[in-house]
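Contents: one structure, followed by commentary.
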Amino acid sequence: MTLDVPLTETDVMREIDYVTMQDGMRVAYICYRPRSDRHPTVFLYSPYEASATRFEIAKPFLDAGYAFVGANFPATGCSEGVLETWFDRKEGIYGAEVVEWIANQPWSNGDVGMIGNSSAASVQMWVAAEQPPHLRAIVGAGMFDAYEWIYQGGMLQVYCLKWAFTSQFVDQASGVSDRIKAGDTECSAIRGSDRQLVKRSFYDEIRKHPLNDEWWDSIYLAREEVAGKIQVPTMLIGAWQDRYAVRESARVMTQLMPNVEHKRLVLIDGDHSGTGALGFQAPRLVNDERMKFLDRWVKGINNGAEEEPAVTVYWEAWEPDGDPKKQVAGWVTHHKAWPEPTVERRRYYLTVDARILPDKPGASLYDGQRAYLYPTGAELYGTNEQFSAKPYQQGVLNYRTDVAVSDMTLLGSPQVTLYLSIDDGDDTDLELTLKDVGPDGNVLFLQSGQLRASLRAIDEQRTSSDEIVHLFRKREKLEPGCIYDIRMSISPIGHVVRKGHCLELTVGAPNPIIKQSIGSFPIGSASINRVYHSEKYPSSIVLPVVPGAKAEAPAPERGIQRAKPCRKETEFEPGGLPTG
């Protein structure tokens, strides 16, 4: 039960110590708990500051009647352990042992649930796959697949390289410092000793494996040996603009949890770090969903959570005054499955005059080419300031739908087919952006998708009606002048294109300037790239439309939602080079 009077730090016991694993190594932990009685426990397990978690992070769970434990992965922070590299199965084994240790403490009632964002979400899959008897539920936000997050579309993201480096050598330092200041007298001797060793740094390993090879397979969680072994109730939280994490969450939920009876997918506008935040920074709607799920499956409260449909979508969520505790949404929908079964996948065709139309091009002697200068055009969509710098128009191709005569509700992954050629080099990178254009000229960023053309081979086994999945196993270089059929998905989205608005698709190149964790160096040579529009080469986009669904609330002010920047345009610019 939630306490009537919120706790202060002096009201609880704080313990900083180590748990000894079966192999003799020790995992660093911090525990906050009420001073009396036995309680269910929330467990945060990560490579960062988990074993030095601040009271402010634990407080909401303490106020809700839980004990709280934060622990570091093996060989991170102050935890001992010898790993080949990060994402070793040992992280799951140690985590499962900590779960059982918690359950056997005199202050624990034996019920443990896991929480966390990003790495702390992904590792929950590994822990749950070990099936520790006292793990009751897991709640992960921003869960990512290793290869497709770091090599989005087959392109190494420079932000992810930075993340891998700083996570191992910089970010842990603050947690270590906090533990030492709090009284840990053993950490200094552990750091750098033979009892804390990562044999191969993750940032080196990812550069050695630019293709999705057997090494990536060994650390991939979305497979039968990991996600397929999970049995406990599972909630996954995905932010639309955390594009590869939301894609992975949807995949795992729908394809790889056959043994999970109670599973939930929560989808909402937002970004990677903010949506899964804990403590005072936790967004209200996300936190309410997380707490309700924990209360049902860890605390055992009959609050009706098991009766709710599997998927919840919060539409047009935003944070008034920038305060996550005030987070609101325009409206909420519930769905029995993902993808939503009633979605109609409507194909629209890209035309030589920069339009998006429902009619397929007819036979014509003119091949309908449009050309752009590669790699000069890139959309920067991290912030309003970035987004206001429009891409170089000769380096992109823009396409727009006609003005909508009624609301068009999109829910799922748009799919794009481009018939494309290059005139020099042997490869090219594609970055697509999808935007909503209002009658007032406000252009709102919605979603993006990336693909390296030489990695266009499709994984037919994992591809579904809702999503095109690529193998990323082997490069198939391009030949100048040849026309290639390139199919790719834009990451999932939930958005209403309102009456009077247009949808705009932009084809361009990536840029190493980081925007929302995305940024990569374009491959290949300077080239005139061509997209074809004809009966023989019908470039197109498939939109996931919920028939009859309309906006149920006024739209929030443009540019105030997380990771959905906005800019003003006075007129439509088709972009590209003259081909006449």
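The values are calculated or read from the model by the stated rules, or taken from the named source; none is laboratory data. This is a predicted model, so every value here is computed, not measured. Please note: Cβ atoms are built from the backbone with ideal geometry, for glycine as well, and neighbour counts cover all protein chains shown. To get the accessible areas, we keep the full protein, side chains included, count just its heavy atoms, and leave off ligands, DNA and RNA. Shrake-Rupley method; radii C 1.70, N 1.55, O 1.52, S 1.80 Å.
Observations on the structure shown:
- Hits in segment 11-36 - residues which are outside any strand (DSSP E or B), touching a residue at least 24 places away in the same chain (Cβ under 8 Å) and surrounded by fewer than 18 Cβ atoms within 10 Å (Cβ to Cβ): Asp11, Gln22, Arg35
- Residue count for segment 53-93, restricted to those that are among the β-branched types (Val, Ile, Thr), modelled with pLDDT under 95 and crowded, with 21+ Cβ neighbours inside 10 Å: 1
- Residue list for segment 43-63, restricted to those being outside any helix (DSSP H, G or I), in contact (Cβ under 8 Å) with a residue 40 or more places away in the chain, out of contact with any Asp or Glu (no Cβ under 6 Å at 6 or more places or on another chain) and not hydrophobic (A, V, I, L, M, F, W, C): Tyr45, Ser46, Pro47, Glu49, Arg54
- Of all residues in segment 219-249 being charged (D, E, K, R) and open to solvent by less than 10 Å² (accessible area, probe 1.4 Å), the one that is nearest to Gln450 (Cα to Cα): Arg243
- Whether a residue is closer than 23 Å to Gln131 by Cα and among the aromatic types (Phe, Trp, Tyr) was assessed, and Tyr220 passes this test.
- Residue check, Glu467 outside any strand (DSSP E or B) and either closer than 18 Å to Ile422 by Cα or of a type in the set (Gly, Ala, Ser) (or both): no
- Within segment 550-568, the set of residues being surrounded by fewer than 20 Cβ atoms within 10 Å (Cβ to Cβ), aliphatic (A, V, I, L, M) and closer than 20 Å to Gln241 by Cα comprises Ala551, Ala555, Ile560.
- Subset of segment 270-308 (residues that are part of a loop (DSSP other than H, G, I, E, B) and more than 22 Å from the chain's Cα centre (by Cα)): Val298, Lys299, Gly300, Ile301, Asn302, Asn303, Gly304, Glu308
- Selection status of Ala404, open to solvent by 10 Å² or more (accessible area, probe 1.4 Å), within 29 Å of Ala250 (Cβ to Cβ), not aromatic (Phe, Trp, Tyr) and not in a helix (DSSP H, G or I): yes
- For the residues Tyr314, Tyr348, the requirement of being without any contact (Cβ under 8 Å) to a residue 60 or more places away in the chain, of a type in the set (Phe, Trp, Tyr) and in a strand (DSSP E or B) singles out Tyr314.
- Each residue in segment 201-218 was checked for being open to solvent by 70 Å² or more (accessible area, probe 1.4 Å) and in contact with a strand residue (DSSP E or B) (Cβ under 9 Å, 6 or more places away or on another chain), and 1 of them qualify.
- Check on Ala182, surrounded by 15 or more Cβ atoms within 10 Å (Cβ to Cβ) and of a type in the set (Gly, Ala, Ser): no
- Qualifying residue in segment 409-417 (condition: in contact with a Leu (Cβ under 9 Å, 6 or more places away or on another chain), of a type in the set (Gly, Ala, Ser) and open to solvent by less than 30 Å² (accessible area, probe 1.4 Å)): yes
- Test: Ser79 is touching a residue at least 40 places away in the same chain (Cβ under 8 Å), under 21 Å from Phe202 (Cα atoms) and in contact with a Lys or Arg (Cβ under 8 Å, 6 or more places away or on another chain): yes
- Selection status of Val176, touching a residue at least 60 places away in the same chain (Cβ under 8 Å), outside any helix (DSSP H, G or I) and crowded, with 22+ Cβ neighbours inside 10 Å: no
- Of all residues in segment 251-269, those being out of contact with any helix residue (DSSP H, G or I) (no Cβ under 7 Å at 6 or more places or on another chain), in a loop (DSSP other than H, G, I, E, B) and open to solvent by less than 20 Å² (accessible area, probe 1.4 Å) number 2.
- Checked against the criterion of being outside any helix (DSSP H, G or I), at positive phi and surrounded by 19 or more Cβ atoms within 10 Å (Cβ to Cβ), segment 375-398 has no qualifying residue.
- Residue match in segment 447-464 (condition: buried (at least 21 other Cβ atoms within 10 Å of the Cβ), over 13 Å from Tyr484 (Cβ atoms) and of a type in the set (Asp, Glu)): no
- Members of segment 519-549 found to be among the hydrophobic types (A, V, I, L, M, F, W, C), under 30 Å from His334 (Cα atoms) and either open to solvent by 40 Å² or more (accessible area, probe 1.4 Å) or outside any loop (DSSP other than H, G, I, E, B) (or both), listed by number: Ile541, Val542, Leu543, Val545
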